[in-house]
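Below is one structure; the comments refer to it alone.
The values are calculated or read from the model by the stated rules, or taken from the named source; none is laboratory data. Just so we're clear, the structure is a prediction, and the values are computed from it rather than from any experiment. Using ideal geometry, Cβ is built from the backbone for each residue, glycine included, and neighbour counts are taken over all protein chains shown. To get the accessible areas, we keep the full protein, side chains included, count just its heavy atoms, and leave off ligands, DNA and RNA. Shrake-Rupley method; radii C 1.70, N 1.55, O 1.52, S 1.80 Å.
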Amino acid sequence: MVESVIERITRGHFWDFHGGIHPPEQKFLTSNKPIKQLALPKQLIIPLQQHIGREGDLLVSIGEHVLKGQALTLSTNPMVVPIHAPTSGTISAIKMSVIAHPSGLSQLCVFLDVDGEDTWRKRDVCTDLAQLSNHEIIKKIADAGIAGMGGAGFPTHIKVSSKPDIKFLIINGAECEPYITADDLLMMEQSNAIVDGIKIIDRLLTPAVILIGIEANKPKAIKALQQATAAIEKIKVCIVPTKYPTGGEKQLVQILTGQEVTSGRLPIHDGIVMQNIATCFAINEAVRHDTPLIRRVVTVTGQALNKPQNVWALLGTPINFLLEQCSVENIKNEKQTVIMGGPMMGFSVSSELVPIVKTSNCILVPSKKEMPSAFEKESKEVECIRCGQCSDVCPSQLLPQELQWSAKAKDYSQLEKLNLRDCIDCGACAYVCPSQIPLVHYYRIAKAEIREQQQLDLKAEKAKIRFEARKLRLEKEKVARQEKHQKAAAARKAAMNKATPEATGAKSAVAAALARVKAKKASKGQSQVNTSDSQNDLPTDTAVDQKSQVATAIARAKAKKKLKEEAVQKPSTSDGIVDNAIEEKSASTQQASTDDKKEKIAAAIAKAKAKKLSKSAEAPDLEKDSDDTSPKKTVSSDDKKAKIAAAIAKAKAKKLSKSAEVPGLEKDSEDSLPEQTVSSDDKKAKIAAAIAKAKNKALAKANEGKVEVNETSLLTSTNNATEIDSKPLQPEKMVQNNIAESENKPVAATDKKAKIAAAIAKAKAKKKLKEANTVEENDRDGV
Amino acid sequence: MNILLAILVLGSIAAVFGALLGFASVRFKVDADPIVDQLDALLPQTQCGQCGYPGCKPYAQAVADGEAINKCAPGGEDTIKKIADLMGVEVQPIDDSHVSGDAPKSNRPKVAFVIEEDCIGCTKCIQACPVDAIIGAAKQMHTIIIDECTGCDLCVAPCPVDCIEMRELPDTIHNWQWDLTSIPVKQLD
């Protein structure tokens, strides 16, 4: 196929595309003048984004001095093309500024105050390309910031990256739009550089054949290129008939190869790559001379200019500077229209500060006579007369009048059916329209709206997915929560059932407990009597009092033990629906037991206070009576022993409660088993404390005068967790005034510590019991 | 006798077709109501709840069940027209009682914006956001992911310090739309 195409091309026969127009070329204005080198402008405005894709990351800051060719942005992505400083100078600002876009909207631009030195950064000129790998060449192209200079601005390094089976490399030198001669002049003046650039692309893509398409209206350019490529077999200069829009990518492909690039496909899909003449020149500059894309040829033309010509414009040059250089006739005329791009596809710019970018090839300043429509405020549009001329000239073989109606009616689905997306915005239809309908304009609006709609649809789809995902997540969390609750409830129930074998002796225990309850009730009444009596107690009565107190303490301890056993056993002896009732009962029993305890604590406090009073009365007597220190010593040593015993017991209790604490943590989430451990540990601790107390009291009997001190302190420590201070120790201190302080102090200290420890242990045990109660209640609610 | 025959013949025909229809209704049963999905696709998916339903899909379901079609404020007239076409009912003007806040001055889409210095990190807006477009944690400043925000307004009311406001998306060259006031370019002799 390639051979037949080449054969046909060598014979000078080409294909044709549908439609097309022949507008007045107007190229004579500039085509016979060499490209002018301009003086440096005072300030350059360099937009960060000058191509299709995204803007790069800024590398410079305000106030920084940059050299010519220095990169201003960094490419982090293949679709990001860097920009470079077109000359040396200082960055004066980085701010939003109007850019070359039909909307007249602003984008981030780097403002460069030119210092006039034009100092180059260090360049790495490559004399021998054979030393470079393809990868290095592509990297050079990417770093040079080259984007397609024909108009679209697609990143060139993507286009020249190796792809298999490239049949045709087409170099687009058609330049079909009226007025523009930038590529024409470039071909005339830089044909060798262009051919060098083509050779680089040839090396990267290895196409079967390279075709340079030039319209027949550029004889000098054709001659120059033919001379430059005479020695190269692979490159064919193809002179194609002049017609607008020959320079369109798909149109030129069709003219040169006869292949029609079908809707929705790109030429690359058919093994064809197209590059613009100016891009080839830029590639050569970048690879051989390490010169990034910082300038381009711009045709500044139009009959409103005295000196229309092609100029080498640095990227970022504001167009008012270019117009000054070409002496605009009516520079003061505010209504002067300035068009960026050609007359067919360009757009009027909203500000004279709009800078030249990589894709700007022409600045057109028409006179009123030349282009009256550009000066009209209101469109002369009249109704479509259905002449059908527009469809005759459409290079994409669309139906422009149908499209126009659908676009006006905003019938986007119909526009899709009519293949609006294949419209290349060439403007041929509007050019021939006798009703002066700005057809392309309607298409552009419709295209923008369709694009917007597509973006909205995408966004809606995304929102929907996120909404559904959120709903799913919330539901999952809810289910997980419920599951957790159910699991916890089940675990608690299982734990209760598991506890049953441990409490097999429940019945006998209950019987024993009943007996103890009675005993407790009796002793409780007694202790209350004691408490009331103790207020009037005399020191001589203390012995009797003590006996009853010992009995009370034992009874109390037993009662507590029994109550706890009840609390644990009752729920575990039964299960099923009966559970609820029994649990309730046990809960209330426990509540009762805690109430009971509180009462006892209150009683004990009262008792202790009474004792303290009596002690303080007694102590001075003792001091007076004693002639020798030895009895006191024995008394105090016995006292000490008792205290140590009590402290040990308390320490043990503390340890036990601590060990109970660890499983207690699990209880919250898992089961109620530790609850029982806690209570049993608690019980043990209390038993130990009670035993210690009993022992203490036995000792106290032997030393009647002193015992009350112990009694007071012990009762305080065991029953009243809150009232731990130095007060109960006061009488003791008075008694031991004569004893060596070194002996006394440590004992008192250990005693205090032990008391505090015991109190803490007790408080913890109580807390656990309470928690157990609440957990049980919750459990019941859950069931 | 003829009457009996006629009854018999017609009866048997009715039975045959009845059986056929019955079979078809089982064999070709459509599981979901496809109209709901079609309606859901027409709705703007802002999930704003201005229609009184907790999301676009529930409203689509409701419309399929005969709810009024003019309750979608973010969708506007266009959506109502599309729903009317799909449901084969008359186009109705939008129900103002379902438009929260003032009538929009422009058609530009809006997104929520957190005035970050005022944010106290209460996470209330995060809980209100139907599309999880707000990032933040308790006592940490929150912010909106603009690309995910549907502009539904639901986060504005719960904010205890009024630090969320709805802002129009700025015009950029990416979302700019051509307008007819531009000067058409034409070539004449």
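General remarks:
- Put simply, the amide H of A:Arg295, placed in the peptide plane, has neighbours under 5 Å in A:Leu315, leaving out anything fewer than 5 places away on its chain.
- Other-chain or far-sequence residues with amide H under 5 Å of A:Gln26's (modelled H): A:Tyr179
- The length gained on full extension between A:Lys220 and A:Asp118, counted as 0.36 nm times the residue separation minus their Cα-Cα distance, comes to 33.5 nm.
- Net +/- balance of residues flanking A:Asp425 in space, Cβ distance below 9 Å, scoring K and R +1, D and E -1: +2
- Under 11 Å, Cβ to Cβ, from B:Pro130 - net charge with Lys/Arg +1 and Asp/Glu -1: 0
- Cα-based Kirkwood hydrodynamic radius, the range B:104-170, one decimal, Å: 11.8
- q = 0.08 Å⁻¹, chain B: log10 I(q)/I(0) [Debye, one scatterer per Cα]: -0.46
- Comparing Cα centroids, the range B:1-40 and the range A:69-103 end up 72 angstrom apart.
- FRET E, pair A:Asp57, A:Trp312, Förster distance 25 Å, beta-carbon r, rounded to 0.05: 0.30
- Along each principal axis, Cα extent of the range A:268-366, largest first, Å: 49, 32, 21
- Charge dipole (the range B:34-98, unit charges on Cβ, about Cα centre) - positive-most of B:Thr46, B:Thr79, B:Ile35: B:Thr46
- Segment A:Glu383-A:Gln397, length gained on full extension (0.36 nm per residue, minus Cα span): 2.8 nm
- Nitroxide proxy distance, nm - points 7 Å out along Cα→Cβ at A:His18 and A:Ser327: 4.9
- By the combined test of axial Cα extent (at least 20 Å) and Kyte-Doolittle hydropathy (mean at least 1.0), the qualifying DSSP H helices of chain B come to B:2-27.
- Structural descriptor for the range B:104-170: relative contact order 44 percent, calculated from alpha carbon pairs under 8 angstrom and at least 6 residues apart.
- For A:His84, the residues whose amide H sits under 5 Å from its own are A:Leu72, ignoring neighbours fewer than 5 places away on the same chain, with H placed 1.01 Å from N.
- Rounded to whole Hz, the Karplus (6.51, -1.76, 1.60) HN-Hα couplings of the range A:242-257, x for glycine and proline: 6, 6, 9, x, 4, x, x, 4, 5, 5, 5, 4, 5, 5, 7, 10
- Here is the tail figure for the range B:34-98: Cα pairs spaced more than 19 Å apart come to 13 percent of all pairs.
- With a cut-off of 17 Å on the backbone N, the residues of the range B:11-46 near the modelled label site 7 Å out from A:Lys471 along Cα-Cβ are B:32-46.
- Test item: A:461-473 mean partner chain Cβ contacts at 10 Å: 6
- In summary, the convex hull built on the alpha carbon positions of the range A:379-503 has an orientation-averaged projected area of 11.6 nm².
- Across peptide A:444-452, the mean count of Cβ atoms from other chains lying within 10 Å of each residue's own Cβ comes to 3.
- In terms of overall dimensions, the C-alpha atoms belonging to the range A:344-420 reach 40, 30, 23 Å along their principal axes, ordered largest to smallest.
- Using the Cβ of A:Ile283 as centre and a radius below 15 Å, the other residues enclosed give a net charge of +2, where K and R count +1 and D and E count -1.
- Put simply, chains A and B cover up around 3800 Å² of each other's accessible surface, both sides summed, when a 1.4 Å probe is used.
- Spin-label proximity, A:Cys126 to the range A:271-293 - amide N less than 11 Å from point 7 Å beyond Cα toward beta carbon: A:284-291
- Modelled FRET efficiency - R0 30 Å, A:Asp165 with A:Leu74, Cβ distances, 0.05 increments: 0.35
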